[in-house]
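Note sheet for the following structure.
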Amino acid sequence: MSAGVSASARRTADALLERYGRTYAAEAGIRMRDTPQPLYQLLVLSHLLSARIRAPVAVAAARALSGHGMRTPRRMADATWQQRVDALGEGGYRRYDERTSTQLGEGAELVLDLWKGDLRRLRAEADGDGEALRAGLRRVPGIGPAGADIFVREVQGLWPEAGFHVGAKGLQGAERVGLPVSDARLAEVARDRDPAVFAAALVRAALDKESAGTVREAARARK
């Protein structure tokens with residue numbers, strides 16, 4: 001970490017990562033690499049996570065879709081609407097399953113049409129511009145600002161040109177555990193760490209009402 005980061009912040013970061021240090025992609029069984037299949041799987045996961053539904057349900061639904069072979073835009077597009085609904089339901093994603101099935105099918109077709117099934121083409125189009133990358137992601141049905149932010153947050157270890165990013169929920173987590181509440185200052189705290197893991201840990205802290213006490217207590221124990 002940077003010499004400008006306080007010892008207290010370092011201890012808090014260590015405690016945060018020990019308790020919450022796992023990306024949502026990893027939880028969903030996605031082995032992130034800069035190749036078409038895991039990038040598409042992350043896009044689907046980002047779509048599911050962006051709905052008003054509990055994160056574990058979204059992760060379970062992503063695993064179910066993958067388990068039924070819908071790991072590429074071609075396989076997603078070729079699946080029937082009912083097959084997608086059934087896979088979503090298997091993961092417990094029932095509140096939005098019908099609309100989401102339609103969006104997943106339409107989104108897969110768009111990814112095939114615009115980027116030949118390879119989201120690295122979108123990365124090349126954005127040419128290092130984080131806002132252009134987000135705008136491209138928002139062209140996909142079902143991917144709004146929240147979904148685009150989730151994708152960028154989880155992919156930043158592979159696509160660093162978009163800049164360090166924890167999102168609004170990550171900033172809430174930082175405030176809860178007593179870390180700086182700005183991307184720039186958090187980037188210093190996260191230096192030499194996997195930025196996607198650190199950002200996901202902050203989001204998990206925001207979602208866990210007990211995080212403030214548990215992380216701070218663990219940080220104090222590290223003195």
Dividing the surface of the Cα convex hull of the stretch 144-223 by four yields a projected area in nm² of 5.3
May I ask for the angle, rounded to the nearest 10°, between helix 145-155 and the longest principal axis of the chain, with both axes built from Cα atoms and the value confined to 0 to 90°?
70
Taking N as the number of residues in the stretch 1-46, what value does Rg over Cα atoms divided by 2.2 N^0.38 Å take?
1.61
Using alpha-carbon coordinates, inclination of helix 167-177 to the longest axis of the chain, degrees:
30
Based on the alpha-carbon gyration tensor of the stretch 35-90 and its eigenvalue square roots a ≥ b ≥ c, which shape applies: rounded if a/c is under 1.5, prolate if not and a/b is larger than b/c, or oblate?
oblate
Working out 0.36 nm times the residue gap between residue 52 and residue 135, then minus their Cα-Cα distance, what length gain in nm do you get to one decimal?
27.7 nm
Output the 0 to 90 degree angle, nearest 10, between the alpha-carbon long axis of helix 211-221 and the longest principal axis computed from the alpha carbons of the chain.
40
Over the chain, what is the relative contact order in percent, taking alpha-carbon pairs closer than 8 angstrom and at least six residues apart?
27
Only Lys, Arg (+1) and Asp, Glu (-1) charged, at Cβ; the stretch 127-223 dipole about Cα centre in debye:
460
Toy charge model, Lys and Arg Cβ at +1, Asp and Glu Cβ at -1: the chain dipole around Cα centroid in debye, rounded to 20, equals 660
Taking the solvent-accessible surface of protein heavy atoms with a 1.4 Å probe, what is the per residue accessible area of the stretch 9-126 in Å²?
47
Output the direction-averaged projected area (hull surface divided by four) of the convex hull of the alpha-carbon atoms of the chain, in nm².
11.4
Rounded if a/c is under 1.5, else prolate if a/b is larger than b/c, else oblate: which is the stretch 1-77, with a ≥ b ≥ c the root eigenvalues of its Cα gyration tensor?
prolate
Once you have a ≥ b ≥ c as the square roots of the Cα gyration tensor eigenvalues for the stretch 94-185, tell me rounded if a/c is under 1.5, and otherwise prolate or oblate according to whether a/b is larger than b/c.
oblate
So if I take the centroid of the Cα atoms in the stretch 24-54 and the same for the stretch 166-195, what is the distance between those two points in Å?
21
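The values are calculated or read from the model by the stated rules, or taken from the named source; none is laboratory data. In this text the structure is predicted, and so the values were computed from the model without any measurement. All Cβ positions, glycine included, derive from the backbone under ideal geometry; neighbour counts span all protein chains shown. Just so you know, the surface numbers come from the protein's heavy atoms only, side chains and all, with ligands and any DNA or RNA stripped out. Shrake-Rupley method; radii C 1.70, N 1.55, O 1.52, S 1.80 Å.
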